[in-house]
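Report on the following structure.
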Amino acid sequence: MKLHKLSLVNFKNHLEINLEVNEDVVAISGLNGVGKTSILDALYFLCVGKSYFSGTDVQCINNNEEIAGIRARVFKDEDIELKIKFKRGARKVIEQNGVVCKKVLDYIGQFFAVVIAPGDIELIYGSNETRRGFVNQILSQTNTDYLKSLVRYNKLIEQRNRHLKQDIVDNDLLNTFDGQIAPLAKALFKAREEFMFNFSDVFKKKYFELAGEKENVKLTYVSQLSDQSYLDLAANNRAKDLAVQRSFTGVHKDEILVELDQMLLKRFGSQGQIKSALIALKLAEYEYVSKVKKVKPFLLLDDIFEKIDEDRATILTQIIKRGNFGQIFITDTNEDRLNRFCLSIGKSHQTITL
């Protein structure tokens, strides 16, 4: 998978920019605020159908404009033309070789990107929703059935929660919701359980590469469905659901613990250990997606050298040099540092200065 052309119109802080790239590594330099990260986000959007750095599509439209767009030519077995159009008050439109994708769900799972960015710290310090989102993102790209089940599950939970807020709650309707939710919850639980079993070993290996230390680092999947079925959980917690007016049980409460020597990393880990774990999570994601989909995702590195120490930067550089990565895009405010990185990994590269 390789990007050859990228054009942005009114996308975030780019009113218009056209890039042609043909090298294995694309280094993007410039001061803060000139739009380096926006270029990476556009690439991620092309792959996943949503922004990595913004919560909604409308936040990707320049503040002074009504419409925006991304256009690209990507090679994947053949040249493919991709377009994404945004308009305030309307749904985004995704086109592939001139054909409009009727559903975003049908588009996801064809193109892939892995981002390593400063904001990833939330994977350690953030809520369980952030870590679930990380797992959901990987599984949604690699498993179409999982994505469909997840979308359906979330809609049903939303409808169930809406009904729980009514003045009069119909228990028969809740039972109907629960009957529809139960098989979806089971399927999602089983998929996450299998994923975590395989992914944890990859994560551990990547951590050891980065940290060079022998702590017992691991990921632990915690789910209410480990001990009870969804129907039993829902029945046992019905009174609590009615009291708090929301669904208290289900796979939307799952947690992924990041542990170091059987202690939570976010509480007891050093800054160096936490940074190693974050990068290890993303490198494990890259390896997992590559193996399952048999394609090399874009690797998008956003200002990472500003946030990690020199030793870890050197180790990461060597991992990238030795590894079998696809096209790499990296941003930095320091062009000399970017050039040193490109020379160190020994791949053909070009530098774009904004």
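Of note:
- Distance from the Cα centroid of the range 28-83 to that of the range 217-271 is 34 Å (rounded to whole angstrom).
- Using the 1.4 Å probe convention, the accessible area of the range 152-206 works out to 56 Å² per residue with neighbouring protein chains retained.
- By average C-beta atoms within 10 angstrom, highest first, the peptides 96-103, 313-320: 313-320, 96-103
- Relative contact order (%) - the range 104-160, alpha-carbon pairs under 8 angstrom, separation at least six: 38
- Apportionment of accessible area to carbon and sulfur, the range 59-197, percent (1.4 Å): 48
- The tail of the calculated P(r) for the chain beyond 27 Å holds 52 percent of all Cα-Cα pairs.
- Lysines whose Cα lies under 17 Å from that of K5, excluding same-chain neighbours fewer than 8 positions away: K36, K76, K83, K85
- Considering helices alone, the calculated mean residue ellipticity of the chain at 222 nm is -14500 deg cm²/dmol, with DSSP H runs of length four and up weighted by -39500 (n - 2.57) and normalised per residue.
- With protein chains left intact and a 1.4 Å probe, residues in the range 1-134 average 47 Å² of accessible area per residue.
- Positive-end extreme of charge dipole, the range 67-199 - chosen from H163, P118, C101 (charges on Cβ): C101
- In terms of accessible area, using a 1.4 Å probe and ignoring ligands and nucleic acids, D167, D232, D41 rank largest first as D167, D232, D41.
- Ordering 112-118, 130-136 by mean Cβ neighbour count within 10 Å, with the highest value first, yields 112-118, 130-136.
- For the range 211-354, the carbon plus sulfur part of the accessible surface works out to 47%, probe radius 1.4 Å.
- Restriction of the trypsin sites (Lys or Arg not before Pro) in the range 217-307 to DSSP coil positions whose beta-carbon has at most 11 other beta-carbons within 10 angstrom yields K294.
The values are calculated or read from the model by the stated rules, or taken from the named source; none is laboratory data. Quantities reported herein were computed from a predicted structural model and do not represent experimental measurements. All Cβ positions, even for glycine, are placed from backbone atoms using ideal geometry, and neighbour counts span all protein chains on display. The accessibility values were calculated without ligands, DNA or RNA, using every heavy atom of the protein model including side chains. Shrake-Rupley method; radii C 1.70, N 1.55, O 1.52, S 1.80 Å.
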